[in-house]
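Asker: One structure, pasted below without further comment.
Readers should treat all values here as calculations from the given coordinates under stated rules, not as data from a laboratory. Remember, it's a predicted structure, so these values are computed and weren't measured experimentally. Backbone-built Cβ (ideal geometry, glycine too); neighbour counts: all protein chains shown.
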Amino acid sequence: MCGIVGYIGNESAKEIIIEGLRGLEYRGYDSAGMALVHRGRILVRKESGKLANLESKITKKEFTGNLGIGHTRWATHGSPTRENAHPHLSADGRIAIVHNGIIENYLELKAWLIEKQGIQFRSETDTEVIAQLLGIYYEGDLIEAVQKTVSRLRGAYAVAVVAADDPDRIVAVRKDAPLIAGIGEGRNFLASDIPALLKYTRDVYLIENGEIVVVSRDDIKIFDEEMTRVKRDVMKVTWDADAAEKGGYEHFMMKEICEQPDGIRETLQRRIGEDGQIKLDGIRFGKKDLEAITRIYIVACGTAYHAGLQGKALLEGYAKIPTEVDLASEFRYRNPLVDEKTLFLCISQSGETHDTLAALREAKRQGARVLSICNVVGSSIARESDDVLYTWAGPEIAVASTKAYTTQLVCLYLIALYMGRTKGTLSEEEAGRIIGELMALPEKAAETLKAEEQIKKLAERYYIKEQIFYIGRGADVGTALEGSLKLKEISYINSFAIAAGELKHGTIALIRKDTLFFVMATQDALYEKMLSNIEEIKARKAQVIGIAKKGNKRIKQICDEVIYIPSCADEVAPILGVIPLQLLAYHIAKLLKRDIDQPRNLAKSVTVE
C-alpha cells in the first residue's frame, strides 16, 4: 500500500527520502510527495505519477532541510492527483503529515472541522482530517497533539508528523498499519517497510500497535498508549540488500519466477532433517493437541487464498481434520464458528494484509490458536500469531506474487505432513514418499523453467485475445485460479478460472470459435476426465493449450499445443503446474507493454480494508 519514509540527521534529507521511497516502489503507488522542515518553515513538493515526477521538483537549492517525511500514495479516497498526494498540511501550514491506512470516520470528522472550526479542505482525502485536527490541537507540544488527534480516529493508520517550530524530531504513531524505526549514527529513520532503509541501516525497531515513536538525530524513543517508555530489542536485518535488486533481469517478476527453485529448496531444507523428520521451527503440536482440534480455518486473500485451497485438501487428506478455506475479507462478517478447539491458519506474503490481520484478531478473540505462514520476519501477522512458519523465499518485490505462492504451498505440505505423522493418520511410508517428491521439486522447478521459449512463442500467438479461460480438476482448480489471477493482474486481460466439471453448468455458453482455454491436466487420477472436457471444448472449435506431465501423449493429439512439466506425484503437481502460467502471464504482459512489476491500481501489501 502507501509508503512512508522519515529522516532526521546532518545530511540533506531529500536525497535520502527519495532513495527510501524508491525502495518501497514495489508496494505500488500513483503519486508521491515530500515535506522538509527548514528555518522555521515547512516546504512541500508533491506530484502525481512516478517518483521521477517528484524528483524533478526537488532539485532547486531552496528546497532543502535535514528533517523531512516522504510518501508514495495508492489512491483510496480521492483520485491520484497532485492535490490528493501526501504530505498534507494543517490550515496554518505549520504541521505536515503522511499517512498509510484508512480513516473510517473521516466524513464525520470532516463535517465537524468544516462546521465547527471553519476549516477549508484542499483535498478529497481522508488523510487531510488528521492534519487539520493536529493543527487545532497543537499548542506547542507535538506529542500531546498527536495523542489528542488519534483519540478521535477510527480505522488503520501509520502517521508521521513534523512541525515547523519543532525542527528536531519526527513524531509517529501506529495502529494496524506497518511502521519501523531505523537506527543510525547521528541520524535516524522512519519507514513503513524494511527495504526503504536497507541502504542506510540494518538495525531497526518494530513499532507495535498503539505506540508513539519520537525520532531525533541521536535517539529513538518509543512510548505506549499511556506514554510509558517502552524498551524494545533491536532487530538486525540479515537478508542481503542485493535480493531487492533486479540482478540483470528486466523485471523483478521474472527474477522472482526464476528464483523459485532456490526458494523451494530453502523452505524445505530448513525443515526436513537428514532422518526425513519434519521440524517446524519450534512449533509444537502434540498428538493430544491435534486430536483436540475439531476444525481448521485457512484464511487469506488473493494468491495466498489460492494456496489455501490446496492446503485444505492436504490437511484433510493427511491430518484428517475438517478444514474450511475462507477469504479474509469475508471471514469476520459471517459469524464463523470459532472456539478454543479451532486452529486458525492464516497465509500472507507481507504479513501486513489488513483483512487477514483483522480476521486473525477476531479468531484470537474467540479463543482459536493461530498459526501463520508469511514471508516477512517481524511482520504484524507474524508477531500476533501463536506460531509462525516463514516461507524462505527472500524479498518479493513485484506486486504479482510468484515465489511466495510456491513456497506457501511448500509450507502447507510440511504442516499437513507433520500433523498427519504426529496424529498417526499418515503412515511413515506414505509420508516418506511425499517428502521424497518434495525434495525433488527444486530440480524439477528448474527444469520446468526451460519451457520459457515455448511459452514465449505461445504468448506471441495469443496475446491479442480479449478473454482467456483456465480450467482444471482437483488440485488443478487452485492452479487454474492462480494462473487466471496472474494474467488479470499484469496483462489486464479478462480471464476466468473454473472447475472443469462446471463447464456444462453455464460457462459452456461462452465458448465459440477461437475461444482460448488453458487446461490443467496434471492429476493422473483425473486425467481421463480432463481429456473428456478437452473434447467437449474442441467440439465447439475453441483453441486449447494443455499443461500435463511428461509421458502423457494422448493429450497432445487433441490439444492445439501442450506444455509439459516433469513427471511427479499428483500431490505436488500444483507447485510445478503454476510455473508455466506465471511465465505466460509475464510474456503476454510484456508484449502488451504493461507495467509488469507495478500494475495499475494494485499494491504489494494491501493494508486497508
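Asker: In µm²/s, what is D for segment 450-591 at 4 °C and 1.567 mPa s, where D = kT/(6 pi eta Rh) by Stokes-Einstein and Rh is the Kirkwood radius from Cα pairs?
Answerer: Result for D is 88 µm²/s.
Asker: Something else about it: To the nearest 20 debye, what is the magnitude of the charge dipole of the chain about its Cα centre, counting +1 on the Cβ of each Lys and Arg and -1 on the Cβ of each Asp and Glu?
Answerer: Values: 82 positive and 86 negative charges, 253 e Å.
That gives a dipole near 1220 debye.
Asker: Further question on the same structure: Candidates (1) 1.69; (2) 1.01; (3) 1.38; which is the computed Cα Rg over 2.2 N^0.38 Å?
Answerer: So the structure-derived entry is (2).
Asker: While we're here: Determine the shape class of segment 365-469: with a ≥ b ≥ c the square roots of the Cα gyration tensor eigenvalues, call it rounded for a/c under 1.5, and otherwise prolate if a/b is greater than b/c, oblate otherwise.
Answerer: Cα axes put segment 365-469 in the oblate bin.
Asker: Rounded if a/c is under 1.5, else prolate if a/b is larger than b/c, else oblate: which is segment 3-238, with a ≥ b ≥ c the root eigenvalues of its Cα gyration tensor? Walk me through the numbers on the way to the answer.
Answerer: Working: a/c = 1.41, a/b = 1.15, b/c = 1.23.
Rounded.
Asker: Lysines within cross-link reach of residue 199: Cα-Cα under 17 Å, excluding same-chain residues under 8 positions apart?
Answerer: 14, 236, 246
Asker: Loop-only trypsin sites (Lys or Arg not before Pro) in segment 510-539, please: DSSP not H, G, I, E or B, and at most 15 other Cβ atoms within 10 Å.
Answerer: Counting only loop positions with at most 15 other Cβ atoms within 10 Å, the trypsin sites (Lys or Arg not before Pro) in segment 510-539 are 512, 513.
Asker: Placing unit charges on C-beta atoms (Lys and Arg positive, Asp and Glu negative, everything else neutral), compute the dipole magnitude of segment 428-526 about its Cα centre in debye, rounded to 20. Present the calculation step by step, with values, prior to reporting the outcome.
Answerer: Details: 13 positive and 16 negative charges, 145 e Å.
For segment 428-526, the charge dipole is close to 700 debye.
Asker: On to the next question. Dipole of the chain (Lys/Arg Cβ +1, Asp/Glu Cβ -1, origin at the Cα centre): which of 129, 33, 214 lies farthest to the positive side?
Answerer: The listed residue farthest towards the positive side: 33.
Asker: Among the lysines, select those whose C-alpha is under 28 Å from the C-alpha of residue 341, and discard any that sit fewer than 8 residues away in the same chain.
Answerer: Within the straight-line cut-off, residue 341 pairs with 279, 287, 288, 312, 320, 364, 423.
Asker: How tilted is helix 475-491 with respect to the longest principal axis of the chain? Cα atoms for both, answer in degrees (0 to 90, nearest 10).
Answerer: Value to nearest ten degrees: 50.
Asker: Hey, another quick one. Within 10 Å of each candidate Cβ there may be at most 16 other Cβ atoms; applying that plus a DSSP loop requirement, which trypsin sites (Lys or Arg not before Pro) in segment 247-278 survive?
Answerer: Taking segment 247-278 and a limit of 16 other Cβ atoms within 10 Å, the loop trypsin sites (Lys or Arg not before Pro) found are 270.
Asker: Given the pairs 456/504; 450/553; 444/465, which span a C-alpha to C-alpha distance of over 21 angstrom in this model? Before the final figure, lay out the partial values.
Answerer: On the way: 456/504 31 Å; 450/553 19 Å; 444/465 30 Å.
Listed pairs above 21 Å: 456/504; 444/465.
Asker: Using packing as a proxy for protection, rank 141-150, 174-183 so that the peptide with the highest average count of other Cβ atoms within 10 Å comes first.
Answerer: With the highest mean Cβ count within 10 Å placed first, the list reads 174-183, 141-150.
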